[in-house]
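Here the structure comes first, spelled out in structure tokens, and everything after it is commentary.
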Amino acid sequence: GPRPAAAAAAAAKSNAAAAAVQDEASRRDAYTASFSALSAAALKECLRAQKPDQLLGGNKKELVDRCVDRKLYGNLPRCPACGLGKLRVAYALPVGHKGQGRFSCPGGYDDDAYKPCSYKAAAAERPAWTVVAAETETPVRKSAKKRPAGGGDDEGAPVPLD
């Protein structure tokens, strides 16, 4: 009868969902490792280059977390209601939310005057992360041994910014 097929379909769907969460978690770990190797200045450069530009405040861990979140799920847009504030998001779960959660706007500044905003939403369109040179720079590791000059690679060469 149809029961075994339905059970198999449900199991396949559940396995696919589990695999998607696993993939999300492993990409998050990889992004966390690569962003953690960058300086706070490079992290801010990455965030500043996004459309729209993302918040730059906070300590290095907060900057790393923000870069990882935006690269995984897209940038947080400006508020569609007031146009001034940058949306904030709170997730119900650490993974599996696909970048959607409770969005809110803290308001923003217009002509030096703070304008509060009460916008709230359960979903938002998140523009894709843009990879910039600062993100791909090879960090200088403090423990790295000095390489002999003329090693043939141009690793230390400046990266032109488009």
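Listing for the model above:
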{"read-out": "Selection status of K71, surrounded by 12 or more Cβ atoms within 10 Å (Cβ to Cβ), assigned to a loop (DSSP other than H, G, I, E, B) and either within 16 Å of the chain's Cα centre (by Cα) or at pLDDT 95 or above (or both)", "value": "no"}
{"read-out": "Candidate set from region 109-136 (those that are in contact with a helix residue (DSSP H, G or I) (Cβ under 7 Å, 6 or more places away or on another chain), touching a residue at least 60 places away in the same chain (Cβ under 8 Å) and of a type outside the set (G, A, S)); member that is farthest from R66 (Cα to Cα)", "value": "V132"}
{"read-out": "Residue in region 44-52 that is of a type in the set (D, E) and surrounded by 16 or more Cβ atoms within 10 Å (Cβ to Cβ) present", "value": "yes"}
{"read-out": "Residue satisfying condition, being among the hydroxyl-bearing types (S, T, Y) and at pLDDT below 95, within set T136, T130", "value": "T136"}
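The values are calculated or read from the model by the stated rules, or taken from the named source; none is laboratory data. Predicted, not measured: the structure shown is a model, and the values here were computed from it. Because the Cβ atoms are built from the backbone with ideal geometry, glycine has one as well, and the counts that use them run over all protein chains shown.
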